[in-house]
Amino acid sequence: MNSTLLEAHCCELKALDTEFLLFTEVAAVLNWDQEVLLPTDAVERRSEQLSLLSKLAHAKITDPRIGAVLDELTCHSDELSEKDADYARCMRRQYDVNSKLPSSLVGELTQVSGVAQAVWTQARKNNDFASFAPYLEKIIELLRQKALFLNPHEKPYNVLLDLYEPGVTMSVLDTLFVQTEKPLVQIVQNVMKKQGKKPAFLTDLYSIDLQDAFARKVMYKMGYDTNRGRLDLSVHPFTTVLGNNDVRITTRYDENMLLSGLFSVIHETGHALYEQNIDSQLANTSLCMGVSMGIHESQSRMWENMFARSKPFWTYWYPELQKCFPVQLQHVPLDEWYRGVNYISPSHIRVDADELTYTLHIMLRYEIEKALIDGSLPVKEVQEVWNEQSQKLLGIKPETDSLGVLQDVHWAAGLFGYFPSYALGNYYAAQFVETMKKDIQLDTALAGGHFNDILQWLTKNILSYGSRKFPAELIRNVSGAPLSVQPFLDYISAKYKDFA
Ligand code: ZN
């Protein structure tokens, strides 16, 4: 094919892709509004608006012209530039996945999950699992249908996993989790035996205005571009992309939990830095987004845990924090603060979990959602299994469903197969950082506040690629090895040796 014709095909593909992206961005605006500003009684109408948009976006990404252009490009794949070949591969995946799904199912899932989230909010408030159970059943049924449409020859849960983390299956996760569980539980037990009482300064009273001012300073210093984003408040912290130059984050603050608000801002800034530092040549295409939820979580969890819970990070920031909160912190030395930031305590709520027990929370959810999707666990028995698993893995049993099975929004939102991304994020992050340390003096950069050196390394090796490289390819390109739990286990055993 002559190069002008190839170029024309690529241009047409980009034009069709742009229309699809515009619809998804409008939906993101409505979603953001729902989480940040929407009056409660408007939820049902909002679900209808979003349902309509999801169907319109679906029609755009399944436009037969996209399929026809991709077929043309596939026939001449050896003539494409590397970037265009990556683009064709990414669009092929999106087109194939969406074309297999009937528009009615896409709309119904959006509608049902919109209402289910509102029901879940009330159920959690009232500690009333029974009112949410029928919605959960409906969502599971719709997701099974979805998996069947996508790949009738594969186990449904594997099909769902692949949507969030291409290439990762139950057998991969089973192996990773088995390799993690024993050493992780051992480290948790060792630390808990030795670490002593929870420091009182962790739950002192901290003004929310001052918390916000400090968190914003850290956010700016990390490199978040506020000309292309903003920070607001919401019940659940999240990051969302409303357009190439509009990557927003949210957080929540609690007067008695200084770390919760601060670490949420750092976590979400890690996500936002990914989206804000993709190669600008990929702007306004489907390549201009994080490649998978696991890689995304690697960025947020790397900043939150591996950097912001490190001694060098606080060597730089602690004097400033003490200046903000002299009454609470002036007599607390850096060493004590550092231990407090890394205090290990198995607790019920995943989002407030410490760095070590967090992965155990994910294992619990993974086992349960696998069983819910394959039908071996009926919805009515979920609470009981949740409580048993919590006892087994964390050594504690929730007294209420709000502290247990009702705590997360994911299942109400139809996000089955998503939870493992958080644990994968820990593994990817540790493996990335192991390589980063060969190239830059990480501790020196953190202690000196030279966060730009870190961001530059991340951008060059990971962020700039957007969705050009699949996770398995990316981790191998960066670290020279396939994904492994070893760097994570090495990292936690080295760090927590100091505490045990
Ligand atoms: Zn996250």
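The values are calculated or read from the model by the stated rules, or taken from the named source; none is laboratory data. Since we're looking at a predicted model, the values are computed, not measured. Neighbour counts are summed over all protein chains in view; Cβ atoms, including those assigned to glycine, are modelled from backbone coordinates with ideal geometry. When the accessible area is computed, the model is the full protein with side chains, heavy atoms only, and any ligands, DNA or RNA have been set aside. Shrake-Rupley method; radii C 1.70, N 1.55, O 1.52, S 1.80 Å.
Here is how the numbers come out for the structure above:
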{"quantity": "Rounded to 10°, Cα long-axis angle of helix 103-126 versus longest principal axis of the chain", "calculated": "20 degrees"}
{"quantity": "Degrees separating the helix 208-222 axis from the principal Cα axis of the chain, which is the longest one", "calculated": "60 degrees"}
{"quantity": "Shape parameters for the range 274-337, alpha-carbon atoms, Rg then Dmax in Å", "calculated": "17.7, 52"}
{"quantity": "Between the range 388-409 and the range 432-500, the Cα center-to-center distance that results, in Å", "calculated": "32 Å"}
{"quantity": "Nearest-10 value in Å² for the accessible area of S207, using the 1.4 Å probe", "calculated": "50 Å²"}
{"quantity": "0 to 90° range, to nearest 10: angle between helix 311-324 axis and the chain longest Cα axis", "calculated": "70 degrees"}
{"quantity": "Lysines whose Cα lies under 25 Å from that of K438, excluding same-chain neighbours fewer than 8 positions away", "calculated": "K221, K311, K460, K469, K495, K497"}
{"quantity": "The range 42-93 - convex hull of alpha carbons, volume per residue in Å³", "calculated": "72 Å³"}
{"quantity": "Per residue Cα convex hull volume in Å³ - calculated over the range 112-202", "calculated": "186 Å³"}
{"quantity": "Reachable aspartates and glutamates, given that their alpha-carbon falls under 16 Å from the alpha-carbon of K155 and they are not under 8 places away in the same chain", "calculated": "E141, E165, D174, E367, E369, D374"}
{"quantity": "Volume of the Cα convex hull of the range 299-416, divided per residue and given in Å³", "calculated": "136 Å³"}
{"quantity": "Rg over Rh, two decimals, the range 1-92 (C-alpha only, Kirkwood Rh)", "calculated": "1.17"}
{"quantity": "Accessible area of the range 136-267 belonging to carbon and sulfur atoms, whole % at 1.4 Å probe", "calculated": "53 percent"}
{"quantity": "For the range 210-364: span of alpha carbons on each principal axis (Å, largest first)", "calculated": "52, 37, 28"}
{"quantity": "Of V185, A123, L150, farthest towards positive along the dipole that unit charges on Lys, Arg, Asp, Glu beta carbons give the range 120-191", "calculated": "A123"}
{"quantity": "All aspartates and glutamates inside 19 Å of K83 as judged from Cα atoms, apart from same-chain residues fewer than 8 positions distant", "calculated": "E7, E12, D17, D71, E72, E275, D279, E473"}
{"quantity": "Range of Cα positions in the chain per principal axis (Å), largest first", "calculated": "71, 52, 44"}
{"quantity": "Chymotrypsin sites (Phe, Trp or Tyr not before Pro) restricted to the range 244-291 and DSSP loop, no more than 11 other C-beta within 10 Å", "calculated": "none"}
{"quantity": "Estimated 222 nm signal from helices in the chain, with DSSP H stretches of n ≥ 4 weighted -39500 (n - 2.57), rounded to 500", "calculated": "-21000 deg cm²/dmol"}
{"quantity": "Geometric extent, Cα atoms of the range 95-136 - Rg, Dmax (angstrom)", "calculated": "13.7, 42"}
{"quantity": "Counting all C-alpha pairs of the range 351-500, share separated by more than 28 Å (%)", "calculated": "35 percent"}
{"quantity": "For peptides 48-57, 291-300, sequence by mean Cβ density within 10 Å, most packed first", "calculated": "291-300, 48-57"}
